[in-house]
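*Asks:* First, the structure itself, so that you have it in front of you.
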Amino acid sequence: MRKRLRVAAYAVCVRDGQLLLARSPAPDGTPEWVLPGGGMEHGEDPLDTVVRELDEETGYRVEVTGLLGIDSARHTFRREGLQGPVDHHGVRIVYEARVVGGELRNEVNGSTDLAAWHDLAAVSALTRVGLVDVALRLWRERPVDGRVPVPPPAAPAPPPRHTAEETAEGREPGGSGVPA
């Protein structure tokens, strides 16, 4: 299995109770909200990465005001063709930043298509990547070690159980009493 390491830098920008996010298409094409930021160029300092990415994705010039923490995640991606699956390890450096100039605009020909401010209280209702929640926890909790525990993905719900009566009568579990 091939191994791939990606190091990226992101920023939590909160102003007047709102969080700055960018919208990006998920692998299936569904739009989802992400933190502004992205992958480091070879030889680039992570702080320079986050400043560059914020400008590219939002139009804002930012000042980094703190290092909130680091999120590390591994996933195996199945790939079709000759290359086979990839063991992907993402290291995401999360900064706090404040806007010091520029004007909000959408990225053109990039990985995002919309930048917007969202009320902090409404973020949980958005379709978003998990890093948004991790970063907000880092911002709120300010852990000394720069890490917040990330719960494992929820296990799928077990299939409904049939009672002996439902099985004997050929009914669906919790059904109406009409045989299937």
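*Asks:* Between a residue in region 140-159 that is modelled with pLDDT of 75 or more and any residue that is open to solvent by less than 100 Å² (accessible area, probe 1.4 Å) and in a loop (DSSP other than H, G, I, E, B), which pairs come within a Cβ distance under 8 Å, given they are 6 or more apart or on different chains?
*Replies:* Partner pairs satisfying both residue conditions: E141/V148.
*Asks:* Take the conditions within 18 Å of the chain's Cα centre (by Cα) and surrounded by 14 or more Cβ atoms within 10 Å (Cβ to Cβ) and apply them to E96. Does it pass?
*Replies:* So E96 fits the description; yes.
*Asks:* Would you mention how many residues in region 12-31 are more than 13 Å from the chain's Cα centre (by Cα) and either outside any loop (DSSP other than H, G, I, E, B) or at pLDDT below 95 (or both)?
*Replies:* 8
*Asks:* Could you grab the pairs with beta carbons closer than 6 Å, sequence gap of 6+ or different chains, first residue in region 39-61 and touching a residue at least 12 places away in the same chain (Cβ under 8 Å), second one aromatic (F, W, Y)?
*Replies:* V50/Y95; L54/Y60
*Asks:* Within region 66-73, is even one residue surrounded by 11 or more Cβ atoms within 10 Å (Cβ to Cβ), under 30 Å from G101 (Cα atoms) and free of Cβ contacts under 8 Å to residues at least 40 places away in the same chain?
*Replies:* Yes, region 66-73 contains a residue that is surrounded by 11 or more Cβ atoms within 10 Å (Cβ to Cβ), under 30 Å from G101 (Cα atoms) and free of Cβ contacts under 8 Å to residues at least 40 places away in the same chain.
*Asks:* Just name the residue that is surrounded by the most Cβ atoms within 10 Å (Cβ to Cβ) out of those in region 1-27 that are touching an Asp or Glu at 6+ places or on another chain (Cβ under 9 Å) and of a type in the set (D, E, K, R).
*Replies:* R23
*Asks:* Determine if region 32-51 includes at least one residue that is in a helix (DSSP H, G or I) and touching an Asp or Glu at 6+ places or on another chain (Cβ under 8 Å).
*Replies:* Yes.
*Asks:* So which residues in region 89-134 are within 27 Å of R4 (Cα to Cα), assigned to a helix (DSSP H, G or I) and touching a Gly at 6+ places or on another chain (Cβ under 6 Å)?
*Replies:* The answer is none; no residue qualifies.
The values are calculated or read from the model by the stated rules, or taken from the named source; none is laboratory data. All figures in this text were calculated on a predicted structure; none of them were measured in a lab. Here the Cβ is made from the backbone with ideal geometry for all residues, glycine too, and neighbour counts use every protein chain on show. Accessible surface areas use protein heavy atoms only, side chains included; no ligands, DNA or RNA. Shrake-Rupley method; radii C 1.70, N 1.55, O 1.52, S 1.80 Å.
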